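Asker: Right, I'll just put the structure down here and ask away after.
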Amino acid sequence: QVRLLESGGGSGQAGGSLSVSCAASRKLYYMGWFRQAPGKEREGVAIISSSGSTTYAESVKGRFTISRDNSKNTVSLQMGSLTPEDSAMYYCAADEWISSGDWLRPSEYDHWGQGIQVTVSS
């Protein structure tokens with residue numbers, strides 16, 4: 001069984017920065033982050049493969065940076081230039097392979113963290 005434990009997040013100001021981190025019990029090829037705001041669908045934010053390839057949602061490109069440490073089975077997301085629309089529960093997700101080729105599709109992932117809150121005030 002894969003365990004994913006998130007940390008970080010919290011509250012921040014618009015224009016500021018926050019980060020979230022995830023520690024996995026074992027290495028998975030694809031690791032990254034999704035988010036879900038109340039009343040909205042879960043959406044992909046950023047994914048990174050074990051080889052370092054990345055995919056970002058258009059809404060966060062240029063503002064968020066994903067990284068991973070394969071020796072520690074961790075993945076982190078640095079979130080900058082925050083806006084209130086970034087407020088959501090952020091979920092760490094991981095899996096070994098993606099059948100559709102869409103790295104940002106929630107249904108492609110079998111392993112999920114419990115979620116961690118990010119709140120951005122204006």
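The values are calculated or read from the model by the stated rules, or taken from the named source; none is laboratory data. Every value quoted in this text rests on a predicted model; they were computed, and no experiment measured them. With ideal geometry, Cβ positions are generated from the backbone for all residues, glycine too; neighbour counts draw on all protein chains shown. Note: areas computed on protein heavy atoms with side chains; ligands, DNA, RNA excluded. Shrake-Rupley method; radii C 1.70, N 1.55, O 1.52, S 1.80 Å.
Asker: Extension gain S51-Q117, at 0.36 nm per residue separation less the Cα-Cα distance, in nm?
Answerer: Result: 20.9 nm gained on full extension.
Asker: OK, next. With Rg and the Kirkwood Rh both taken from Cα atoms, where does Rg over Rh land for the chain?
Answerer: Using only Cα positions, Rg/Rh for the chain is 0.94.
Asker: With a ≥ b ≥ c taken as the square roots of the eigenvalues of the C-alpha gyration tensor of the stretch 3-44, please select rounded if a/c is under 1.5 and otherwise prolate if a/b is larger than b/c or oblate if it is not?
Answerer: Values: a/c = 2.43, a/b = 1.42, b/c = 1.71.
Oblate.
Asker: Once you have the Cα-Cα distance between L5 and K72, take 0.36 nm times their residue separation minus that, and quote the gain in nm to one decimal. Don't skip to the answer; put the middle values down first.
Answerer: On the way: separation 67, 0.36 × 67 = 24.12 nm, distance 1.27 nm.
Full-extension gain reported as 22.8 nm.
Asker: Still on this structure, I have one more. Let me check against my output: what whole-number percent is the relative contact order of the chain, with C-alpha pairs under 8 Å and at least 6 apart?
Answerer: Reported relative contact order: 36 percent.
Asker: Report, to the nearest whole %, how much of the accessible area of the chain belongs to carbon and sulfur atoms, 1.4 Å probe, protein only.
Answerer: That share works out to 46 percent.
Asker: With a 1.4 Å probe and every protein chain left in place, work out the accessible area per residue of the chain in Å², rounded to a whole number. Provide the component values of the computation, followed by the final result.
Answerer: On the way: 6110 Å² over 122 residues.
On a per-residue basis, 50 Å².
Asker: What list of ³J(HN,Hα) couplings, whole Hz, do you get for the stretch 37-42 from phi and the Karplus terms 6.51, -1.76, 1.60, once you set θ to phi - 60° and write x for glycine and proline?
Answerer: Per residue, the Karplus-derived 3J(HN,Hα) values read 9, x, x, 10, 6, 5 Hz.
Asker: Further question on the same structure: State, to one decimal in nm, how far the label point of W97 lies from the label point of A37, with both points 7 Å from Cα in the Cβ direction.
Answerer: Once both label points are built, they end up 3.6 nm from each other.
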